[in-house]
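Accompanying notes for the structure given below.
Every number here is computed from the coordinates shown, using simple stated rules; none is lab data. Quick caveat, the model's predicted, so the values are computed rather than measured. Here Cβ is always computed from backbone atoms with ideal geometry, including for glycine, and neighbour counts include all displayed protein chains.
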Amino acid sequence: MKLDINNQHHAETLARYLSGEMDKDEQAVFEKQVTETEENSKEIQDMKKQWKAISHLRETKNPDTGNAWNKLHTRFINENLIPIQVVALKKQIIPVLLRYAAIAIILVGVASIIYYLSRDSKPTVEMVQVNTGNESNTLIKTLTDGSVIYLAQNSVFSFPKSFESTSRNVELTGEAFFDIASNPARPFIIETGEAIIEVLGTAFNVKTNNGTNFELIVDRGKVKVTMKKNLAKSESVVAGESITAINNSLIKSKTNGSDMHAWYKKRMQFKDESLRNILSVLNRNFNTNFVTANQEIGNRKLTVTFSNETSETMTELICQALNLKSQTIDDSIILSDSEAGTKRN
């Protein structure tokens, strides 16, 4: 888990950890998650040192500056070290200076804690947000790592323009089917209102609604689900299993084996997607084998909706939209530029 102090949940969890409010199990889970990277480990150690310093200052009794000055004053008078008229003035000033010095030390410590909690260890990641609205279409988005996200209506999906080197972090409200590209070195982490979902490479359906409902069904592979309000509650879910959140607890059960999330293939919508990404999704879901004649054709952008069409109809829609022609060779549908007057096959 990448520690993000700007994330309210992470900040609250960190505060509970530093103040010792976690039980042993929750503390162990938290420490394991946040120390997965060297950067997080150093960050936590620095914060613990600053927190310890602040706690010490808070628990230390205020010095009795008056008593200390009286003792020093008596010594100076007895030993004739300073004139009496100077003593009166210093007797008024020094206790005040001592008090201000103590306050200054505390403020420096507090400022250090605020600095560590508020600073960004890296430049702010630029996020892209997709909102499907009330449309009944399934909006399909291919991410830079090759993962494909199928978004249901009334869903909001946020993702970075480019993923970091250590993890792939996104956010979801609503419902989506995730087909994640495998990359063991960079886990794919989905944050919802209720849970944190961590995967390496798998396919699963997630349904969430602002903390009131959460359900996950795994189609293939393995997924780890952790409750945000209690990091000690974590479950692994494999293909053929589902998990729901009830009263801040995770309930796992077997699925009936049917295609429970086939909804995402019924009315597929692409908005300003490259033809390459569109054809990859079609080939993955409809047993087709679309191929472009060259890379330039694959880079062309297209907005199109497919609703239970045959491969022939899909081919015709694509060709008309991008002025292409098609040719079938050995079960492959090859798309190439349409020359003037050339009839499409």
If the chain between VAL130 and VAL156 were fully extended at 0.36 nm per residue, the gain over the current Cα-Cα distance would be 8.8 nm
What pairs from LYS32/LYS224; LYS24/LYS254; LYS161/LYS301 go past 24 Å between their alpha carbons?
-> LYS24/LYS254
Filter the cross-link list LYS222/LYS252; LYS271/LYS325; LYS207/LYS252 down to pairs whose alpha-carbon distance in this structure exceeds 20 Å.
-> LYS271/LYS325
Förster-model FRET efficiency, 35 Å R0, ARG16 and ALA239, C-beta, rounded to 0.05 = 0.50
Give me the distance in nm between label points sitting 7 Å out from Cα along the Cα-to-Cβ direction at ALA181 and ASN213, one decimal.
-> 3.2 nm
How large is ³J(HN,Hα), in whole Hz, for each residue of the stretch 177-189 in order, when computed from phi with the Karplus curve 6.51 cos²θ - 1.76 cosθ + 1.60 and θ = phi - 60°, using x for Gly and Pro?
-> 9, 10, 10, 8, 6, 5, 7, x, 7, 9, x, 8, 10
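When a/c is below 1.5 the answer is rounded, else prolate if a/b is larger than b/c, else oblate, so apply that to the stretch 131-224 with a ≥ b ≥ c taken from the square roots of the Cα gyration tensor eigenvalues.
Details: a/c = 1.60, a/b = 1.36, b/c = 1.18.
Verdict is prolate for the stretch 131-224.
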Which FRET efficiency value, to the nearest 0.05, is calculated for GLU171 and THR328 with the Förster distance at 25 angstrom and r the Cβ-Cβ distance?
-> 0.05
Going by average Cβ neighbours within 10 Å, how do the peptides 243-253, 188-198 rank, with the highest at the top?
-> 188-198, 243-253
